[in-house]
Every structure is written in structure tokens, then in C-alpha cells.
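Below: the structure, in C-alpha cells.
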2 protein chains.
Amino acid sequence: MTQSAEGQFRAGSLAHRVPDLGALELLLAVARLGSLGGAARELGITQPAASSRIRSMERQLGVALVDRSPRGSRLTDAGALVTDWARRVVEAAEAFDVGAQALRDRRDSRLRVAASMTIAEYLLPGWLLALRAQRPDTAVSLLAGNSAAVAERLLADEADLGFVEGVSVASGLDSVVIAHDNLIVVTAPGHVWARRRRPLEASELAVTPLILREKGSGTRQVLDAALGGLARPLIELSSTTAVKAAAVGGAGPAVLSELAVGEELSMRRLVRVPLADVSLARDLRAVWPTGHRPVGPARDLLSLTRG
Amino acid sequence: MTQSAEGQFRAGSLAHRVPDLGALELLLAVARLGSLGGAARELGITQPAASSRIRSMERQLGVALVDRSPRGSRLTDAGALVTDWARRVVEAAEAFDVGAQALRDRRDSRLRVAASMTIAEYLLPGWLLALRAQRPDTAVSLLAGNSAAVAERLLADEADLGFVEGVSVASGLDSVVIAHDNLIVVTAPGHVWARRRRPLEASELAVTPLILREKGSGTRQVLDAALGGLARPLIELSSTTAVKAAAVGGAGPAVLSELAVGEELSMRRLVRVPLADVSLARDLRAVWPTGHRPVGPARDLLSLTRG
DNA sequence: ACTGAGTCATAAGCCCAGTTTATGTCGCCA
DNA sequence: TGGCGACATAAACTGGGCTTATGACTCAGT
């Protein structure tokens, strides 16, 4: 009531402006099947429910999404676009789902995975989706922790397969490199360095206060090693997420895993600063107890992760 | 009842296993603020509502997410992981939101954008989010179509700024290259080419039946030009999405924009096949009517898109 | 100790979005 | 012209999520 201007923001957060997951799924089904009734059947609801749901989604968005005809329904142009955006939301939700299922401590798990935080956050959900696609019955449980914790679980036979980032591997474990990760320097688009063309020298990086993870973290170790000394922290934060948030907010340049900032880079919330002579690469490895070469589900997962 | 085995899939689609957007937003707020009540305040609901919502989310996922104490609430380890996955869902929803708002035909728009499909699908939501971050009041409207339609809108003064992919620019329009896009060859992980080390030669690509967009599409034109002849279609489909789906399903190798398959590559639903001597690059350009150099909101958006 | 301000939990009642069942309308095809 | 499929409409039910009101607990300051 006492509200200002065009109430397009204030009025309820995201959840009120974006259709819920069920509606988005329904839209995808309509797009795929070309029929409201068919989509309804697939989702196990009745046709009027689907009809009304699509209708209310159109009302909510203020855009016609599907062309109804007595012979079926096709997406409008706008509908096609919306559907593509919806697909990305649903895919993120699928990753969430498969991750959350693995997180639940299930006794009956046939595959117990232990992974470092970065890998569990950014890579594992994708792998688990792929695994589920080809072996739908494999129940997976996930335990996330640092490298030491992963090693511990494997050696105690509380996990079948582990994933760690970093240079060294604990004794008693075999490993194979499955991917490479680069640490990169990023800033908010407004920062001076964002417009910079000339690559950054190590010396320059070493004397600039940076937004960093806490001392002892994997990324910090790699950075210190590469700089041949200690990086100067502007702030120290205890999670990748917090570092990202600070960088996006314009607090300064940050050093982060490429994996962590893919989204932010493509949305231009962050900009990558070119690096000259510094190599901030690190290996991502799958690990398992020496001798216990992965078999069965563990082997399946492992083979998915190798490029 | 008559259901088989561990009912972890059957039982309701995604929407029933994944908390709704409101709950995920709430979780992010709790993570950021360290307090249920604080998060509730921020979202404009009462503390008991937040409390109960988090609780039911924990019940739904079967995992404890937050440690409550009389001094506040902190995420558990599992909660931190879940929150990170939740953030990705919410970010996708934000992109959906800003896109959908622009799609709505608003007379009062201060910035009217026309964009080709690929750009509207994959890049524009990110740009609009960035734009909203720095100019919250700019109302944007979006019109998606092919290059010709974009040109038409601009010349009819029905759009202020356009974005197109492709080589040529219609006469009467000025343009600037804002990014580059590569077409790449992808297959399902099971395909022979997925394990291939030796890069693919143009000659080889030319004789292999491929999953392609329809003739006349931008990607098809670039491909034909690069092969110095015509690509052989295995199937022709009318949307990027359909091509992706076919490729993921293992129908064969496909040629697609790098932009379209980022997600699929990182989730290993698709694998990139290395190319030897073929260059499938194309420019992405911002365009505007000759002489009407972008000013105001259009200039703001344009400057966001340039790397 | 006591009080006050912060936290979260519990209980009871309200409300609306989304659902189902039942029916109506329209177009196409045999 | 009947019949089938697809979508729309109407009315009644249900439940999840909300609010208000209250209670229990911890900490800090007096």
C-alpha cells in the first residue's frame, strides 16, 4: 500500500515471482509431449490440475506460454525461451536432489563416497546424476570433509572411494588424477583490475591485499607455494562462498578455484584477471586404499569422472 | 503400495523431494545471518514460520541442517553443503526471474532489447542480473528472434539495442564484437569419439552423419562454411535443446555452441571431441541503428557485456 | 541472584493454492 | 453424425504454511 514506484521488486521475494518447481517441471513436460493432458499423466496429476497450473503460471509471469488447440498444445516463442530458463532451474534442482539423497546417511548404500568440500560442492552432484542415469539402482552415500578426513574414512573402510584436491596423497592410498583445477584471480567488474589488459605478475599479486580463504586451506597453500612466500590477506574467510560474496560485493581481488566461479564469470558478476607467470594449477584425484582397486559401483563412478 | 524396491525415485517427482524456492531462500538467509529469527525478519515472515519451515526441510531431506542454540543458529557441515547446492538453484531461479520480467511486454520499459535465441537463452539473463545489480530501476523488455528480426526491430525503432551471433550484420546497423562463441563437437560419454585422443579432421567430420539444427540456422551456416561444403545430417532438429537431448541420449555426435553445453560438459552428460583443423568460431555482436550510438541504459548494458 | 534481551520451540487456528471429480465445449476424423 | 481427444470450467476438499500467543533456555549486565 504505502509502497513506492512499480512494485516489481519489493513484492515478495523470488518464491513469489518464480513458479515453483512443480510448475516448471510441468512446463518442461508440456514442451516435450506437446499436450497438457499428456504432461499431466506423466506427472501423475489430472488434466484440469495441469491446465490450471499452466494458466496460473502464465498469469504470474504475464506472458502466454503455450498455444492451446483442440489438437494439442505448443509453446509460444516466449514459452520456448521461458522453458529453456526453467530447464536450468530444474537441472540445478536435480543436482540438489541427488546430492541431498547421498548426504542422507543410508545404511544400505552400495557406494560410499568421501570427498573434499570443493569437489563435493561443484563436481560430485554432476557425477552422481550421470551415475544414476546409467546405474539407477546404485544407492550412494556421501561424506564431505578435508583431505585428511577423506583418507581416514577410506583407511577405516568407511568409504569405498574418495576424491581430494591437492598435491600430496596420504600413505596407504592409491590415486589417479581425474582432472585439473586452476586457481584464478577475480574481481568485481567495477575494480581497476577488471579492465586490465596486461597480465598480472606474481610479484604484483604478492604485494596486493587479497580476499582469501583461511590459512591452512587447500587454495591458500597452493597460492603461498606459487608466490614463493606468503600472500597478503585483505580479509580471511572460512568458506569459498564467503570469499565469492566478498569479491562480488567489490571488497577487492580474490583468489578462487575456477570451479567455484564459473557461474559468476559467465554472468559477469566477477571478472577474471589474467595472470602472467604464476601457475596456480592443482590436481584433482580419486583415491582408494592401496590394493583395493575400485570395483563395482566405485569403478562405475570412477570411470565417469575421467576425461 | 504395489511399489517396487526402495521407493526413493517413484515417490513424487523432484518437487516433492526438493524443498521449494522459498525454503531454499530461507536457508540461504539463515546461513548468511546466523539466526532463524533474523532470516525470518529479512524475508518478511515470522520467526515460528521460519523455524517450522527449516524443520520440515530437515525432515524432508533426512539431514540436520542447522545447529540451534540460544545464541543463534549455525549450519552443520551437511547444511553448508546443502546450502551451496541450494544457492545454485536460487541463482538459476534469479536468472529465470529477471528473464521472465524482461519478456513481459512492458510499455514503460526504459530499455528495449532484441536478441537472437542463443544469446537470449544463455547470456542475457546473466547480463540483466548484473545490470539490475548496478541500476536497479532500469525496466528492461526483451524480444527474442533471429538476426533478421533483431535488425528489423532496431530499424523500426522498436528496440534500443540488439544482440546477434553470426558473421554478417544487416546494413543500417553499427555493431561491436562483444564475445566469441565456438561451435564444438560433442557426444554422449558412451560414444566411441568420447574416448578419442587424436583430434578430429574436417574431412572426417564432413562424412560423419551428425545431429544438427535445421538448415538455415546460424550454427548450421557456420558449420557448412567451415567444412567447405555441406555437413551430413543424421537428424535435423529445430531447437538447440532438442539437439542436446538427442546427443545426451546417445543418438550420435552433435555440433553445438559452447554456450549451450557448458552445464552438460561439467556434468559429463556430454563429452567434447577435440577438433584439429576446423575453426568453428563465430562472433557475438551488439548492434544498433547507425548513428544511434547507445546511451543511457543501453550504454550501461553494453558496457557490461564487453570483456 | 535477578532482570532483560536475545534465541528457538510449541500450540491452536486461519487461509488459500492446488487438487480431484464431474461436466461442458470445440475440432477433427471415420 | 457419432465418437474421440484435447482443453476449459465449476464446486468441493485438503493440507501446507502462515500468524498470534506463549513458553523455555542462555547470556550479559547490574
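Observations on the structure shown:
- Inspection of the stretch B:51-69 finds a residue satisfying the criterion of being loosely packed, with under 15 Cβ neighbours inside 10 Å, within 8 Å of DNA strand C (Cβ to nearest atom), on the phi < 0 side of the Ramachandran plot and not in a helix (DSSP H, G or I).
- Among the residues making up the stretch B:292-307, those that are among the small types (Gly, Ala, Ser) and under 23 Å from the mean Cα position of the chain (by Cα) are B:Ala298, B:Ser303, B:Gly307.
- Residues that are polar (S, T, N, Q) and without any contact (Cβ under 8 Å) to a residue 12 or more places away in the chain, drawn from the stretch B:255-297: B:Ser266
- Elements of type helices (runs of 4 or more DSSP H) contained in the stretch B:197-251, each with 3 or more residues being within 22 Å of B:Glu263 (Cβ to Cβ): B:218-227, B:240-248
- Residue pairs meeting the criteria (Cβ under 8 Å; at least 6 apart or on separate chains; first in contact (Cβ under 8 Å) with a residue 60 or more places away in the chain, in the stretch A:189-200; second surrounded by 18 or more Cβ atoms within 10 Å (Cβ to Cβ) and assigned to a helix (DSSP H, G or I)): A:Pro189/B:Ala130; A:Pro189/B:Leu304; A:Leu200/A:Trp193
- If the condition is being away from chain B (no Cβ under 14 Å) and surrounded by 15 or more Cβ atoms within 10 Å (Cβ to Cβ), then the stretch A:261-281 contributes A:Leu275, A:Val278, A:Leu280.
- Test for B:Ala115: is it more than 8 Å from chain A (Cβ to nearest Cβ), at pLDDT 90 or above and surrounded by 17 or more Cβ atoms within 10 Å (Cβ to Cβ): yes
- Considering residues of the stretch A:209-225 that are touching a strand residue (DSSP E or B) at 6+ places or on another chain (Cβ under 8 Å) and not charged (D, E, K, R) only, the residue modelled with the lowest pLDDT: A:Gly218
- Apart from one condition, A:Ala15 fits all of (1) within 9 Å of DNA strand D (Cβ to nearest atom); (2) more than 8 Å from chain B (Cβ to nearest Cβ); the exception is (2).
- Inter-residue pairs, beta-carbon under 8 Å, first in the same structural domain as A:Gly34 (by TED's automatic domain parsing) and in the stretch A:54-74, second within 14 Å of DNA strand C (Cβ to nearest atom) and part of a loop (DSSP other than H, G, I, E, B), 6+ apart: A:Met57/A:Pro19; A:Gln60/A:Pro19; A:Leu61/A:Pro19; A:Gly72/A:Ser35; A:Ser73/A:Ser35
- Figure legend. Inter-residue proximity from the stretch B:24-39: first residues not assigned by TED's automatic domain parsing to the domain that holds B:Ser56, second residues away from DNA strand D (no atom under 13 Å from the Cβ) and assigned to a helix (DSSP H, G or I), beta-carbon distance below 7 Å, spacing 6+ or different chains. No pairs are indicated.
- When B:Arg104 is tested against (1) at the interface with chain A (Cβ under 7 Å from one of its Cβ atoms); (2) more than 18 Å from B:Glu25 (Cα to Cα); (3) surrounded by 21 or more Cβ atoms within 10 Å (Cβ to Cβ); (4) of a type outside the set (Val, Ile, Thr), just one condition goes unmet, and that condition is (3).
- Filtering the stretch A:38-97 to residues that are basic (Lys, Arg) and more than 10 Å from chain B (Cβ to nearest Cβ) leaves A:Arg41, A:Arg53, A:Arg55, A:Arg59, A:Arg68, A:Arg71, A:Arg74.
- Residue among B:Leu155, B:Leu131 that alone is within 14 Å of chain A (Cβ to nearest Cβ) and closer than 21 Å to B:Gly296 by Cα: B:Leu131
The values are calculated or read from the model by the stated rules, or taken from the named source; none is laboratory data. Fair warning: this is a prediction, and the values are worked out from it, not measured in the lab. All Cβ positions, even for glycine, are placed from backbone atoms using ideal geometry, and neighbour counts span all protein chains on display.
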